[in-house]
Amino acid sequence: MTGQNPIYEIQQYLRMLAKDGYQIPLVIPDGIYGEETRTAVQVFQGLLGLPITGRVDYTTWQALRAAYDEVQRNNALSSPIYPFEETLLQGRVTEGDAMPLIYIIQIILRTIGVAYQNLEQQELSGVFDENTIRNVRDFQRVNGIAATGEVDKKTWNRLAEAYNKYLNRA
């Protein structure tokens, strides 16, 4: 266990599992191993085919922790990608460049174009063409970045932030 009150930690795990759809009673973590906790443990043990004792032995603990970790992984934010890092040797994407990263830049520009009304309809060509350069310049101007029309790390980070903000809008 991680150093906090082990009963409280068990209760937190049980609560998370109940909220994620496990058919176990919802436990309120209070650090006291009372009847509610014992019942939730028994139901959990039954669901997993473990001996139904109501006690958290090593096998139950491992199953509880594994189930909790799986719920955490499934509910976590998706893993980021770092497509710009491969171009850092050059430091920027410029006119005429053609690589998979350009498609990603163009998809971002097309997606956020709805929120940034100054952007033209972005075609997906995989080539850093005039349309892409214009859209990057307009994006840079709106975001207070030097309007070079090139995508350096600063522009990439702002594009990524704008894309994430747009997709997660309320």
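The values are calculated or read from the model by the stated rules, or taken from the named source; none is laboratory data. Treat the numbers as computed from the prediction; the structure is a model and nothing was measured. A quick note on method: Cβ atoms are made from the backbone with ideal geometry, for glycine too, and the neighbour counts reach across all protein chains shown. Heads up: the accessible areas ignore ligands, DNA and RNA and are worked out on the full protein's heavy atoms, side chains in. Shrake-Rupley method; radii C 1.70, N 1.55, O 1.52, S 1.80 Å.
Would you mind telling me which numbered condition in (1) under 21 Å from the mean Cα position of the chain (by Cα); (2) open to solvent by 60 Å² or more (accessible area, probe 1.4 Å) ALA67 fails?
For ALA67, the failing item is (2).
Take the residues of segment 123-170 that are under 15 Å from TYR103 (Cα atoms) and assigned to a loop (DSSP other than H, G, I, E, B): which is most open to solvent (accessible area, probe 1.4 Å)?
GLU123
Take segment 75-109 and flag every residue that is assigned to a helix (DSSP H, G or I) and either of a type in the set (Ser, Thr, Tyr) or in contact with an Asp or Glu (Cβ under 8 Å, 6 or more places away or on another chain) (or both). Walk me through it before giving the result.
Of the residues in segment 75-109, the ones assigned to a helix (DSSP H, G or I) are 75, 83-87, 100-109.
The answer is ASN75, THR87, LEU101, TYR103, GLN106.
Looking at TYR33, TYR22, can you tell me which residue is surrounded by 11 or more Cβ atoms within 10 Å (Cβ to Cβ), in contact (Cβ under 8 Å) with a residue 40 or more places away in the chain, over 30 Å from TRP156 (Cβ atoms) and of a type in the set (Phe, Trp, Tyr)? Talk me through it step by step, then tell me what you get.
Values: TYR33 fails: in contact (Cβ under 8 Å) with a residue 40 or more places away in the chain.
Testing whether each residue is surrounded by 11 or more Cβ atoms within 10 Å (Cβ to Cβ), in contact (Cβ under 8 Å) with a residue 40 or more places away in the chain, over 30 Å from TRP156 (Cβ atoms) and of a type in the set (Phe, Trp, Tyr) leaves just TYR22.
Can you list residue pairs whose Cβ atoms sit under 8 Å apart, with the first residue in segment 112-131 being closer than 14 Å to VAL151 by Cα and the second being surrounded by 16 or more Cβ atoms within 10 Å (Cβ to Cβ) and among the acidic types (Asp, Glu)? Count only pairs 6 or more apart in sequence or on different chains.
Pairs found: VAL127/ASP97; PHE128/ASP97.
Are any residues in segment 49-64 among the hydroxyl-bearing types (Ser, Thr, Tyr) and loosely packed, with under 14 Cβ neighbours inside 10 Å, and if so, which ones? Full working, then the answer.
Residues of segment 49-64 that are among the hydroxyl-bearing types (Ser, Thr, Tyr), as a first pass: 53, 58-60.
THR53, TYR58, THR59 - these are the residues of segment 49-64 that are among the hydroxyl-bearing types (Ser, Thr, Tyr) and loosely packed, with under 14 Cβ neighbours inside 10 Å.
Among (1) open to solvent by less than 40 Å² (accessible area, probe 1.4 Å); (2) more than 21 Å from TYR82 (Cα to Cα), where does LEU109 come up short?
Tallying (1) open to solvent by less than 40 Å² (accessible area, probe 1.4 Å); (2) more than 21 Å from TYR82 (Cα to Cα), LEU109 fails exactly one: (2).
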